Structure formats: C-alpha cells, structure tokens
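Some notes on the structure that comes next.
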Amino acid sequence: MELGLKGKVALITGSSRGIGLETALYLVKEGAMVTICARNENRLKEAEAYIFEQTGKEVFSVVTDVTKEEDCKRVVDLTIEKYGRLDILVNNAGTSQAHPFEEAGTELWRQDLDLKLFGAIHCSRYAVSYMRQVGGGAIVNLTAVIGKTPPTSSLPTSVSRAAGMALTKAMSKDLGKDNIRVNTVCIGLIRSEQIEKKWKNEAPELTWEEFSRKDWQIPLGRIGNTDEAAKVITFLVSDAASYVTGTAVNIDGGMAGTL
C-alpha cells in the first residue's frame, strides 16, 4: 500500500524514546522528513543516532519542553526553518501519573494537564497555520484507554487523557474545512521504560516474554510493542487514511471495555 508520506514533514513530541521514537523511525522509512523533540538532549542525540543507524537518514532534533508554550512555538518555527513546511504533528509527549483522588495534589494536576493537554493544544495551534499553507495535514494525539473507563487510582492521567479525546473530536470538527485531519490513538499496555522497571522490580526471574504474558486481562494475551503502536500512527497520518478524522483507535490488545 502506498502511504503517500514521501516528502512530507512531521513533528513528533516526546520522541526520544518509546512510541514517539518508533513512530519517527517508521515515518523516516516511508520517506518523510522528521523533527524529533524532547526535554533530554542526550536522549535526543541517542535517538538521532538510532534512526540513522536503522535508515541511513538524518532527523532534526530540538530540545523542547512542551509544558512551555514558547517552546511549542519554537519547535514548530524551527521545523519550518529547516524543512519549509509542516504536514504532520504527533502529540506524543506524556508520562503516567496514576494516584488516588485524595493523593493527587494541585501541582500534580497542573503538571499533568500542562504536559498532556496544553502541550497538545499549543503545538497544534502553532502547527495548524502552516498545515493550511500546504493544503492540509494530519494530527494524532496520543491518549489512553483509561480515559474512556477510568480505573481506581488513575488520577490525574485518566482525566487528562479523556480531555485529550474531547480535544481531538472538537479539533476535527473545526479543522475539517481546512483538510486537516485529527485523530487519537488510545494506548493500553505497551512496552515502555516504566513497564520494564516494573518487570525488573517485581519479577526479575521471568523473561520479558513470560512477564508480558502474565494475567494482564488482555484478550490477545500479552503486552504490546512500541512498533505496533507506531504502525497505526503512521497509517493515521498517511494518505491511506485520507477519510479518517475525529476517530479514537484503541491500541490495547482488546483490553478496554469500550470501543
């Protein structure tokens, strides 16, 4: 299938590791030019080297803290200076903050919303005008299945992720006239540094395969891999998904209790 990504320019936040890095790799493989950004410069350099090792192609990296609106504007502007256009934005930056309601203090709420919700709002706001200039674009916001059915002690993450889903739908309605598509992927259990720490702390005697296949209540019987999320994101930002907008796609192995 021809994805139509050759020559397109993508900006991916939180892309020094995990799903963001893997998505950058897949977009580069499909011929896109990519800006990666994150807060940690050393990790960004490692990500650059990893992508070059895998593809022989370079990406543009910018140290960015998406909790700061001025950083969001800066990374968009630098991407335009570097490549002359912007077609794709993947709002991936985020961490898991899951606590009982009474343990989630005001500052924790602010940090979580600044990172996951306002980071996406600000990056999107500055990206949209450039997407209009090239006749359209695609935005994918990463959220989580717990935003649909919050479990116990899942705050503030479940609330910020639910807000991200509402943001996605509202943006898709407003921006459709400009041929800018906006979708969200709702992540379940995907292999990450956080899950690997849990594995090494709680069950170091198990192999990753054994740990992945523990009783996680996942119908497909295992924790997902970052490339499985990256492939879906790559599809959603591509021409192959040209009539898909305002949609939430679960990447969770069937774990969620809702569609």
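Here is how the numbers come out for the structure above:
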| item | result |
| --- | --- |
| Filter result for THR149 (of a type in the set (S, T, N, Q), within 22 Å of LEU108 (Cβ to Cβ) and over 13 Å from the mean Cα position of the chain (by Cα)) | yes |
| Some residue of the stretch 242-253 being exposed (fewer than 15 other Cβ atoms within 10 Å of the Cβ), in contact (Cβ under 8 Å) with a residue 40 or more places away in the chain, farther than 30 Å from LEU86 by Cα and not aliphatic (A, V, I, L, M) | no |
| Qualifying residue in the stretch 175-183 (condition: surrounded by 19 or more Cβ atoms within 10 Å (Cβ to Cβ), among the charged types (D, E, K, R), touching a strand residue (DSSP E or B) at 6+ places or on another chain (Cβ under 8 Å) and over 30 Å from MET131 (Cβ atoms)) | no |
| Candidate set from the stretch 190-210 (those that are assigned to a helix (DSSP H, G or I) and among the polar types (S, T, N, Q)); member that is modelled with the highest pLDDT | ASN201 |
| Flag if LEU142 is surrounded by 20 or more Cβ atoms within 10 Å (Cβ to Cβ), touching a strand residue (DSSP E or B) at 6+ places or on another chain (Cβ under 8 Å) and closer than 19 Å to MET255 by Cβ | yes |
| When residues of the stretch 93-114 are limited to those that are closer than 15 Å to GLY14 by Cβ and either surrounded by fewer than 21 Cβ atoms within 10 Å (Cβ to Cβ) or at pLDDT below 95 (or both), the one nearest to the chain's Cα centre (by Cα) | GLY94 |
| Selection from the stretch 111-152 of residues that are of a type outside the set (A, V, I, L, M), outside any loop (DSSP other than H, G, I, E, B), within 24 Å of ASP239 (Cα to Cα) and in contact with a Lys or Arg (Cβ under 8 Å, 6 or more places away or on another chain) | TYR126, TYR130, GLN133, GLY137, THR143 |
| Yes/no for VAL75 being assigned by TED's automatic domain parsing to the domain that holds ALA230, over 23 Å from CYS186 (Cα atoms) and among the β-branched types (Val, Ile, Thr) | yes |
| Among (1) in contact with a helix residue (DSSP H, G or I) (Cβ under 9 Å, 6 or more places away or on another chain); (2) within 18 Å of TYR126 (Cα to Cα), the one test that LEU78 misses | (1) |
| Pair list, Cβ under 6 Å, 6 or more apart: the stretch 168-193 residue within 17 Å of ALA256 (Cα to Cα), other residue modelled with pLDDT of 95 or more and of a type in the set (Asp, Glu) | GLY188/ASP252 |
| Wholly within the stretch 4-86, helices (runs of 4 or more DSSP H) carrying at least 3 residues that are free of Cβ contacts under 8 Å to residues at least 24 places away in the same chain and closer than 28 Å to TRP109 by Cα | 69-83 |
| Filtered residues of the stretch 152-200 (kept if closer than 20 Å to THR106 by Cα and either touching a His at 6+ places or on another chain (Cβ under 9 Å) or of a type in the set (Gly, Ala, Ser) (or both)) | SER153, SER154, LEU155, PRO156, THR157, SER158, SER160, ALA162, ALA163, GLY164 |
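Every residue, every condition in (1) touching an Asp or Glu at 6+ places or on another chain (Cβ under 9 Å); (2) closer than 26 Å to ASP178 by Cβ, yes or no:
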residue: GLY20; (1), (2): no, yes
residue: GLN54; (1), (2): no, no
residue: VAL59; (1), (2): yes, no
residue: ASP65; (1), (2): yes, no
residue: TYR83; (1), (2): no, yes
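The values are calculated or read from the model by the stated rules, or taken from the named source; none is laboratory data. This is a predicted model, so every value here is computed, not measured. Positions of Cβ are generated from backbone atoms using ideal geometry, with glycine treated the same way; all protein chains shown enter the neighbour counts.
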